[in-house]
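Here's the structure we're looking at; comments come further down.
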2 protein chains.
Amino acid sequence: MPQTARRARAAKAAKLQSAAFRRTRSDHSRELAEDYVELIADLIDERGLARGTDVAGRLGVANATVVKMLKRLQDAGLVTQEPYREINLTGEGWLLAENGRKRHRIVENFLLALGLSEETARIDSEGIEHHVSDETLKAMARFVARNS
Amino acid sequence: MPQTARRARAAKAAKLQSAAFRRTRSDHSRELAEDYVELIADLIDERGLARGTDVAGRLGVANATVVKMLKRLQDAGLVTQEPYREINLTGEGWLLAENGRKRHRIVENFLLALGLSEETARIDSEGIEHHVSDETLKAMARFVARNS
DNA sequence: GTAAGAGTTTAGCCTTTGCTAAACTTAATT
DNA sequence: AATTAAGTTTAGCAAAGGCTAAACTCTTAC
């Protein structure tokens, strides 16, 4: 009877699955941080500086929410800001932002290569970006390289 | 009820800004519900019934958390449960679960067709599943059909 | 130099999703 | 029948991420 084996397999699968879920959940905070940092980097590149209002506007969030979040990002060493002044990224912040943008670009190009509309590629890549492992990202990059 | 109104107002106000960000964020609660419902369906199919402990174990979460969540899912009309008894899905719950499993299957098969390991395909599909539009899902299904 | 407008911060509140510890119920064993 | 083990529920707490309203600061235009 493969009952024991089946149970063992089930247990193993359960453990792995719960790991996957836990990973997903604990990444939420990190995802948000990445969104902020990526956006701040974009704003600095686009208009020379990033202000709270701009961030709030683009994220569709209240000013006060941004203030609170920026405090956390400062504590995390990703951002610097003096009171009533514009937002800047630390070295670590820039690294994170660059990494995020790179992932974002790959995922978006991949979706385009898959034949999706620009609109869909933009929206879906935003959602997918944070959930793609390095292995998958590499496969996407390879696919884009082969199909362009 | 003021929640919905507030969100609607906020959405309208920030309409020109990034819809993708807000969509991602507001979907979190829905995603969690889908994860629960999908898992409950799996448990019922696998072992004939779903208990709180099983759900807690697979999601990597405390029992009390599951209890609280189940209350919400009951309020949402997705789940039924009598005190100290096993968990059941309503008709709507089954529909949601089936839909989730279908999406899940497509994404996972797609990642496999892309050449990823089973392990990676399983983990990444879990994260990606909820962020894929119908358009993208269709493209993934097409890809799988062509490459199998 | 001051007043106005734009932008920022603070204060206080809410909901969601988590946790632990303790109480309770059900089922199983003896 | 009584004890115990397994599972469930309650109570109370915390952190994250939202919000509004009101206070504050900075810059710019008079």
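Among the residues in region A:73-82, are any away from DNA strand C (no atom under 11 Å from the Cβ) and either closer than 28 Å to A:VAL144 by Cβ or within 14 Å of chain B (Cβ to nearest Cβ) (or both)? No, because not a single residue in region A:73-82 is away from DNA strand C (no atom under 11 Å from the Cβ) and either closer than 28 Å to A:VAL144 by Cβ or within 14 Å of chain B (Cβ to nearest Cβ) (or both). Screening B:LYS102 on (1) in the same structural domain as B:LEU49 (by TED's automatic domain parsing); (2) within 16 Å of B:GLU31 (Cα to Cα) shows it passes everything except condition (1). Filtering region A:66-91 to residues that are touching a residue at least 40 places away in the same chain (Cβ under 8 Å) and within 12 Å of DNA strand D (Cβ to nearest atom) leaves A:LEU73, A:ALA76. Looking at this structure, is A:GLY57 open to solvent by less than 30 Å² (accessible area, probe 1.4 Å), under 16 Å from the mean Cα position of the chain (by Cα) and more than 9 Å from DNA strand D (Cβ to nearest atom)? Answer is no for this residue. When each of B:GLU34, B:GLU38 is tested for being under 12 Å from the mean Cα position of the chain (by Cα) and within 12 Å of DNA strand C (Cβ to nearest atom), the lone residue that passes is B:GLU34.
The values are calculated or read from the model by the stated rules, or taken from the named source; none is laboratory data. What you see is a predicted model, and the numbers here were worked out from it, not measured in a lab. FYI the Cβ positions are ideal-geometry reconstructions off the backbone, even for glycines, and counts take in every protein chain you see. Just the protein is used for accessible areas: all its heavy atoms, side chains included, with ligands, DNA and RNA removed. Shrake-Rupley method; radii C 1.70, N 1.55, O 1.52, S 1.80 Å.
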